[in-house]
1. Cβ under 13 Å from Glu452's Cβ, Glu452 left aside: what net charge do those residues give with Lys, Arg +1 and Asp, Glu -1?
2. Quick one: of the DSSP bridges fully inside the stretch 161-276, what percent are antiparallel, nearest 5?
3. Rounded, prolate or oblate: which fits the stretch 412-451, taking a ≥ b ≥ c as square roots of the Cα gyration tensor eigenvalues, rounded meaning a/c under 1.5, else prolate when a/b beats b/c?
4. Counting only residues 5 or more places away or on other chains, whose amide H sits under 5 Å from the amide H of Leu233 once H atoms are built in the peptide plane?
5. Going by C-beta contacts inside 10 Å, put Phe416, Phe6 in order with the fewest on the left.
6. Just order 269-281, 462-474, 73-85 by mean Cβ neighbour count inside 10 Å, highest at the front, would you?
7. Share of antiparallel DSSP beta bridges in the chain, in percent to the nearest 5?
8. Under a straight-distance cross-link criterion of Cα-Cα below 16 Å, which lysines are reachable from Lys105, leaving out those fewer than 8 residues away in the same chain?
Amino acid sequence: MSAFDFDLVFIGGGPGGYVAAIRARQLGLRVAVVEKEKVGGVCLNIGCIPSKALIDRASKFNALHELAEYSVKVDLSAFDYSGVQAFSRKAADKLSKGVEFLLKKNEVETIAGTARLTGAHELSIALNAGGERRIKSLAIVIATGSRPREVPGFEFDERRVLSSTGALMLKKLPRRLAILGAGAIGMEFAFIMNAFGVEVTVVEMLERILPMEDSAAASVAGKAFERRGVKFLVGTKAFSLDRGSSDGSPLVLSLGPAASAVPDTKLEADAVLVSIGRSPNTGGLGLEEIGVRLDRSFVEVGDYYETAASGIYAIGDIVKGEPQLAHVASAQGEIVAERVASLLYKQSTVSESHASLPHRRVDLGLIPSAVYCEPQVAGFGLREEALKASGVKCNSASFPFRGVGKAVAIDEAEGFVKILTDPATGAILSAFAVGPEATELIHELLLAKSSELLPQDIYSMIHAHPTLSEAVKEASLAVEGRAIHT
Ligand code: FAD
């Protein structure tokens, strides 16, 4: 009889914890997930899913206006945004319940409570239902995720000074919204709010929007936003916020050049969304007491996401140096589940068929990034500037959507697919896309790269006509200077 209650316990049931827990069960481990709120974590409940539900409704709302071109009159006078918000909550709840079901079906024990480490193999859980439960586990995975980062002076009240969570919960929209931060989350909310008629101004400290994405792709997206009336103030810092004397007074932001020490302009708004990054949830878990090393609150990990404390692993938004994305959290979690199973197999507790050795870490060059506004922006691998800065030679080939029949037919011909290749071997180094369904199209290129296929393998494959995927084929042809529709 084992001295441990479980082989693997996850603290946190987000896309890191719950996916890995199911994988660990598939591998025959005894698994529990401790979750203090709702399984599915930020992603399903207050992140990826409800925001995509709003984006979808925003797109459909924009499309209504296009009907006016055909003399279709749409009466929006009774429009009530609270119905849209309720739709997004329904999508989130449905998926969170789905995850509850999946955990149950896979016989993962879900414990509702807040966990804290009390030893290398021990947890104390303050149960949501009251009381404490102590459990022992051979291995423990910290998957506690992150929360919106606060800026001094712009502390969230979630009524007028909003985090992404507050913005998702709004039932009534402000007339004017200032958004601090033009990363993926800021841009997605800019798209949503602008579609529903909010006057949006995005303030970004860096010199351009979507600083993590390909610069040409970001520029295409920026122009599309500007045409719809979104204002961007780049290279601009928000210094302070005057909240006025009551909720009815406008908010006044003091802004100035990012390089300057003093503000020089004011911006009035009815609400501010602060989306400048996310802070890891690593406080109060007893991590440092048992030897887990932190760097500015992020967890330092080695191979297989094991922390400095043996048998304690960390995955997801808390990991130092890896992108804070749901699919990254899940991929890291699967590595840990497979690692722990393979270690146990050596001790003959799980079946041999499951004992193949896992990857040590997620390959950062193979992580897709995706921004779901219109036009969509996606990519993987190092940007052209970063490749050049690190002395890597690359060839760049791109193909515009205006040469793709389907894109023209659906009137979404803005943007391009770009492939960067190694001039010596022709190997794909990275790829970027901006345009219709870019977040879906990027995966054909990613599969090619991860399978070490060459552009010619892509263009040799027959792509259905008319499809948006033809942009990927043409971009692959463009690598050899032989695109057809250009
Ligand atoms: P989380 O999802 O944060 O889950 C951690 C869980 O741990 C939480 O449920 C929390 O309640 C629980 N927990 C914390 N402490 C304890 C404790 N002590 N005891 C018990 N439970 C605890 N990513 C994408 O890939 N694509 C997107 O489109 C995307 N859109 C986003 C949109 C928004 C608005 C936001 C905010 C985020 C978005 N993200 C997106 C990021 C994504 O949500 C996160 O990267 C992902 O949720 C991280 O997963 P995780 O498992 O590390 O943590």
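1. Numbers: positive: Lys449; negative: Asp363, Asp422, Asp457.
The answer is -2.
2. Details: 11 of 26 bridges.
Of all bridge pairs located within the stretch 161-276, approximately 40 percent are antiparallel.
3. Oblate shape, in that a/c is at least 1.5 and b/c is the bigger or equal ratio.
4. Sorted by chain and number, the residues that satisfy this are Val202, Val203, Glu204.
5. Lowest count first: Phe6, Phe416.
6. Numbers: 269-281: 21.5, 462-474: 18.9, 73-85: 11.2.
Ranked from most to least packed, the peptides come out as 269-281, 462-474, 73-85.
7. Details: 48 of 80 bridges.
Given both bridge residues lie in the chain, the antiparallel proportion sits at roughly 60 percent.
8. Within the straight-line limit of under 16 Å, Lys105 reaches these lysines: Lys97.
Throughout, read-outs are computed from the coordinates displayed, never taken from laboratory work. Everything numeric here is computed off the predicted structure, so don't read it as measured data. Counting neighbours? That spans all protein chains shown, and the Cβs are built from the backbone with ideal geometry, glycine included.
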